[in-house]
Amino acid sequence: MTQRILSLVALTLTVVLLAAGSSVVVSGQLLAYQDGFVFFTTGDGFHVAPNVAIRDAKTGGATTVKPAPRIWARATFDSSGTVTELDLSRSPLPPQGSFADVAHFAVALSSPVPNPDLLKNIETPTPGESSEPSQHFSGRPVLVTFIVQVPPYTPFTSSIYITTDQSGWNAQAIPMDRIDALHYQITRRFNSGTIFRYLYDRGSLQSQEVAQNGLSRPPRSFVVADADVLTRRDIVYAWQDSGPGSVNQQQPQIMPTPYNPAPFPNLPGSVPPPQPQPGKPPAW
Amino acid sequence: MALSSTLAALMLILACASTRAATPGPSPAPTSVAPQASATPTPQSTAPPPRTLLYLSASNVNFYYDRFLIEADGNVRVQTSDGFTVTGDAFSMDLKLNRFLVAGHVTLHDSTGTVSGAAISDFLDFQRIYFVPVTTAPDRWTFLNGDLAHPAKGRVMPDDAFYFPLISQHPSITASGAVIGTKTYARFVNAHTYFLNAGVPLGSYVVNFSPNQYFAQNTLSGASVDLTWNVAGNTNALTAVHLRYDPTYKTYLSVEQHLVGDHEYAIFSVNPATRAEKWWNLALYEKLGSRFQISSFTQYYTQQVWLGEPSAAQQTTFLNATYAFPHSYVTATSQLTNYNTLGPGSLEVPQAIGGNLSHPSQAQITATSFANKIPGLPIFEQIYEGYGFNHDSVGPLQYLQGSNGIPPIPIPGLQAYGSPCADQHGVVGKNGPVYYCPVYTTIWNTVFGFNLYTQSLKLNNPENPYETYYFNASFNRQWQWNSLPHWISSENVNFSINRAFSRSLNTYLAYQVLNVGDHYLQGGYLPCPDVGTPLCPLSFTSFRGVSTERTTSLGINFAPHPEFNFSLLVRHHEDFPIPVPGLFGLPPNNIIGQPLYTSYLGQAPYDATGEVRIKILSHALLDVSRTFYWYGNPYRTTFWQPSFVVQVLPI
């Protein structure tokens, strides 16, 4: 009797295990739910059972969430590859299963054809060369330190900024700090994989850096690679508004003074301006 | 004036013509890379894809500024300039990756018909469209190079072709539609932004993310706060309204228009637009070939109520042209100014005064070498030489146009080296004549100078890099000879030693000596009378136009976090002539309270400047600084910079 009971229990367990083994569960984000199919963001479409059970992924109970793009779902497949249950959530679900395991259930009229676009990037490595991609971007935050050498005639108390396409080319987007007679520095955080273009300036676009040949220069380009910290060193050869020997500096909203080569604009009023030699007034 | 107007008009015509003729420039690489490992398709053609316009409408359109993502849901409709229309339930576009996705009950419609599907993804840079059609069953089609009539069926697609980005933050902008110019701009329709979770209606708002740096050019002065509303724009234009605040003009509106091409730009602005004091600005730039560029900047100042008849008007134009040689360049600069474009006696009607009728013009051509390393030495050298012409035909006495009891305006003229004016207007100065008339209407000048400098030189080689000391030095010497018996020399020497104690803490100690000589071959500076009085301190008895400023600086920068920064700069000046509190004039400030020049005679022997920057919003930094001055013995006078310099910097 005991043996019979044990056999029955074993049989029941076997049936349960077999039944459990025939269903596969994967979780992912929905791309679409239409025409009797559910599509995940892998692009794969799967048959949906007419009586598919739609539940809340957290409670297992009824849900008001409807299958739609962006919704996260845990799909249960039966042995024929039909989705019999969808547990939905508006927030990401823990990874479960693998879409590689259900790829053979995906419905597609055409047979897979290799994509030459993708194959071009998978060239056979030469001996000793790693087949891993040379650059990988995880998207994690990276501390990037910019150090720039400025022209020696840059006024000592000048403010130096970085202007980037990330900030709509705002001239004062990233203020820097002087670290010695010729260098300024700033550290900022960027996500790895970010590519941005930038230039240095002295607070306005009239005082933007120019190339070594005096012409306006194209922006620098920088790719933030995966690292704990990165350092970027640059050289500014000249400023647009104050090249060597220049005597006129345009400044918005300030009328220039008449050309006056007297270099001491703030002498006390008690000091008379330079005078001709007494008795020898210069001719007009 | 006529010359500047003609040149400005010519530049504008050139800029407009070039803008019209501009063809799409080389398309730069995507400015962001998806964090997911994915096989990126390689375009078959090396030619850059054309720019595409997308017209998007949906029930909800959200834009996330920090990630340059547009996400839309409900009744999505996308019409493209490539000739097809897509409808669906959800839309996602990464503006930097330059690709978009439409998912859920998708229809793809073009001139050949309509196909239904589950999702479509367009990789615009690579001219590949990945489509999941649903006919009798799902399938996978790839459209190559814009050919929607002949899909490549069954092609394996990139793993992330239909990826939705994970988003947890609040959108920066919400809207009901958008026009997206790929890689350059997105213009949102019925847009709202959010401040402290409260919606702020914007109507139309443009986000410009063009790699073209000419969009950066602006003609506005600095401001403490600048809130920019980009009202309209496209690939080559941007119209912005600025709500600004500065200590001078307080709160006001400004308008700026950008017109940008691949090699040229034209920027126009009026600032402040809602104040009687208006500055009308026009900046023009054109690059012709790879070696030559020309630019101009014109300011027109008017004092007028709205657009009424101005009571004052001034104009100045800067012209710059640069030609690059292989190891040097030549720059021609010109400055044309008219201090009263309304004419004599036109100011302050009905009690008209003449005002300053001067209209000096100036031109200079300068040749500058590249910085070259001196063989065998860790020193770089650079030399330059220029020739200049300065002219003001109005001549002397034009400053003495006061009338109706209004005193004349004692503005130094083209050359203040002159004799006392014949007519002193009845003003008798305690120390002699008050008004000195300019003498020369034309001055030619020659400038020659050179720079020597070192890059950072290591002073020691410890194992710990944070124990390394670096040395920097620079030296500038310049002479300027004028066509009158007058020449100016300057010599500027800088030394500094710096050390980083950690990644977040930097210090430097610098020493600067600036000598300026204002030499006259005949006459020149005279000692002030009443030597030893407060108005004529002892050091002026030996002052003959040569000054020396010695500055020792200690700078500390502490940046423990990228969003927080504190810096302190303490300086000691040992100058000749010796500064006396209240005797010397202070430099004028710009409109946000910063001095226009930072090295001047009479500066307090000690000063300390503290500056704090802290991130206050996701896209804004607050920058506050102030300087404290003190004189030490025997004066012991102390004073603060008149006000804090406060700026809100968008990041």
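Miscellaneous remarks
- Between residue A:62 and residue B:290, the FRET efficiency estimated from the beta carbon spacing at R0 = 56 angstrom works out to 0.20.
- Fully extending the segment from residue B:152 to residue B:597, taken as 0.36 nm per residue of separation minus the present Cα-Cα distance, adds 153.6 nm.
- Per-residue HN-Hα couplings for region B:201-213 [Karplus 6.51, -1.76, 1.60; θ = phi - 60°; Hz; x = Gly/Pro]: x, 10, x, 9, 9, 10, 9, 9, 10, 5, x, 6, 6
- Estimated vicinal HN-Hα couplings, Hz - region B:599-611 in sequence order (Karplus 6.51, -1.76, 1.60; Gly, Pro = x): 10, 7, 5, x, 5, 4, x, 10, 8, 9, 10, x, 9
- Subtracting the Cα-Cα distance of residue A:113 and residue A:82 from their residue separation scaled by 0.36 nm leaves 8.7 nm.
- Among the residues of A:207-220, the average count of other protein chain beta-carbon atoms within 10 Å of the residue beta-carbon is 5.
- Remark: region B:129-183 carries 35 Å² of accessible area per residue (probe radius 1.4 Å; ligands, DNA and RNA excluded).
- Area projected by the alpha carbon convex hull of region A:57-120, averaged over all directions, nm²: 6.4 nm²
- A simple spin-label model places the labels of residue B:544 and residue B:241 6.3 nm from each other, with each point 7 Å out along Cα-to-Cβ.
- Peptide B:534-541 shows a mean partner chain C-beta count of 2 within 10 Å per residue C-beta.
- A 1.4 Å probe run over region B:500-558, with the rest of the protein chains in place, finds 44 Å² accessible per residue.
- Accessible area in square angstrom per residue, region A:144-228, 1.4 angstrom probe: 22 Å²
- Accessible-area ranking of A:140, B:499, A:220, B:187, largest first, probe 1.4 Å: A:140, B:187, B:499, A:220
- Carbon plus sulfur fraction of accessible area for region A:138-233, probe 1.4 Å, in percent: 46 percent
- Amide H contacts of residue A:115 (H built 1.01 Å from N, under 5 Å, at least 5 apart or other chain): B:156
- 3J(HN,Hα) couplings calculated from phi for region A:74-87 with the Karplus curve 6.51 cos²θ - 1.76 cosθ + 1.60 (θ = phi - 60°) are, in sequence order, 10, 9, 10, 9, 8, 5, 8, x, 8, 7, 9, 8, 10, 9 Hz; Gly and Pro show x.
- With a 10 Å cut-off around each Cβ of A:144-151, the average count of Cβ atoms from other chains is 2.
- Each peptide in B:320-326, A:203-209 gets a packing score, the mean of other Cβ atoms within 10 Å over its residues, and the list from highest to lowest is A:203-209, B:320-326.
- With all protein chains in place and ligands, DNA and RNA left out, the 1.4 Å accessible area ranks A:162, B:488 as B:488, A:162, largest first.
- Chain pair A, B: total accessible area buried, heavy atoms, 1.4 Å probe, Å²: 12300 Å²
- With the simple spin-label model, which puts each label point 7 Å out from Cα in the Cβ direction, the residue A:228 to residue A:158 separation comes to 3.5 nm.
- Distant-in-sequence amide H partners of residue A:54 (H built 1.01 Å from N, under 5 Å): A:86
- For region B:294-336, a drop of 10 Å² or more in accessible area on going from the chain alone to the assembled protein chains (1.4 Å probe) is found at B:297, B:299, B:314, B:316, B:318, B:320, B:322, B:324, B:329, B:333, B:335.
- Once the Cβ-Cβ distance of residue B:561 and residue B:637 is raised to the sixth power relative to R0 = 30 Å, the FRET efficiency obtained is 0.20.
- Database remark: amide H of residue B:620 closer than 5 angstrom to the amide H of B:651 (H placed geometrically; neighbours at sequence offset of 5 or more, or on other chains; Pro and chain starts carry no H).
- Efficiency of FRET from Cβ geometry, residue B:630 and residue A:54, R₀ 56 Å, rounded to 0.05: 0.15
The values are calculated or read from the model by the stated rules, or taken from the named source; none is laboratory data. Since the model is a prediction, treat every value here as computed from it, not as a measurement. Backbone-built Cβ (ideal geometry, glycine too); neighbour counts: all protein chains shown. Please note that ligands, DNA and RNA were not included when accessible areas were found on the heavy atoms of the full protein model with its side chains. Shrake-Rupley method; radii C 1.70, N 1.55, O 1.52, S 1.80 Å.
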